[in-house]
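Rule-based calculations on the coordinates, nothing more; no lab input. As the structure is a prediction and not an experimental result, all values here were calculated from the model. All Cβ positions, glycine included, derive from the backbone under ideal geometry; neighbour counts span all protein chains shown.
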């Protein structure tokens, strides 16, 4: 294994606040990870007390991403990935799935959470043939993201943009749309956009739990309707079955049928 990227400083740019729950750490807790603090476990347990199904949503989201990446590498021939809002490393990270199939794949992760930065070394390993890098940047600054990612990715070649459970953190819907548009504008024809986010209109108990979480002092996460999520793909060619509950997006062969969860996603190609 090699590390072609320059590791970040061992010290994050800002101190980790362990007094306030953080979505990335809570998500890690729900996925069975250990990179979280008591305040995150407390918030996560309070959430599951109202809506136990959040654990299923978290794990279904990760499975959706795995199936997306597998399709992109094995069927669409994509070898470059820009994964924004990667969160804390867990099982089946983008580089692990992609490089298992195509060792030459190149992946850039983007996040601006100090705890994720601290754990970035866990992400920064790669096959000898490929590359994995980490960019400390905010999704609200797409130009900085593109400039930094271009040090590892060749944007003249088709690239997959991964936005998994990140757009909900942008409260202004129009701004979220403009950021997606800006990022995709920098990618050539044949590139792909993968999005999945928590959704409204499926489970009122989930919406109640999310509203309570948003009032807890943590960084808010805004649920959007499936129709709003679909608009993020405007101008692109949505692959079948379109924007659906993540458990219904090309489930694994032989997998038991599942009821819809309040998380919608899709994959689209830039013509």
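Brief remarks on what is shown
- Label-to-label distance, nm, for residues given as residue 150 and residue 74 (7 Å Cα→Cβ offset): 3.5 nm
- Ordering 77-84, 100-107 by mean Cβ neighbour count within 10 Å, with the highest value first, yields 77-84, 100-107.
- Förster radius 25 Å - calculated FRET efficiency between residue 216 and residue 138, Cβ distance, rounded to 0.05: 0.70
- Each of residue 182 and residue 234 was given a label point 7 Å from its Cα along the Cα-to-Cβ line. The distance between the two points is 1.7 nm.
- Classified by the C-alpha gyration tensor, the stretch 145-267 has an oblate form. Its axis ratio a/c, with a ≥ b ≥ c, is 1.5 or above, and a/b does not exceed b/c.
- Each stretch of four or more DSSP H residues adds -39500 (n - 2.57); spread over every residue of the chain, this sum gives -10500 deg cm²/dmol at 222 nm.
- Extending 7 Å from Cα along the Cβ direction at residue 128 and again at residue 100 yields two label points whose distance is 2.2 nm.
- Global geometry of the stretch 29-164, whether rounded, prolate or oblate, following the gyration tensor of its Cα atoms and the 1.5 cut on a/c: prolate
- Difference of contour (0.36 nm per residue) and Cα-Cα distance, residue 157 to residue 255: 31.9 nm
- Ranked 151, 34, 270, criterion: other C-beta atoms within 10 Å, fewest first: 34, 151, 270
- Cα gyration tensor, the stretch 94-157 - rounded (a/c under 1.5), prolate or oblate: oblate
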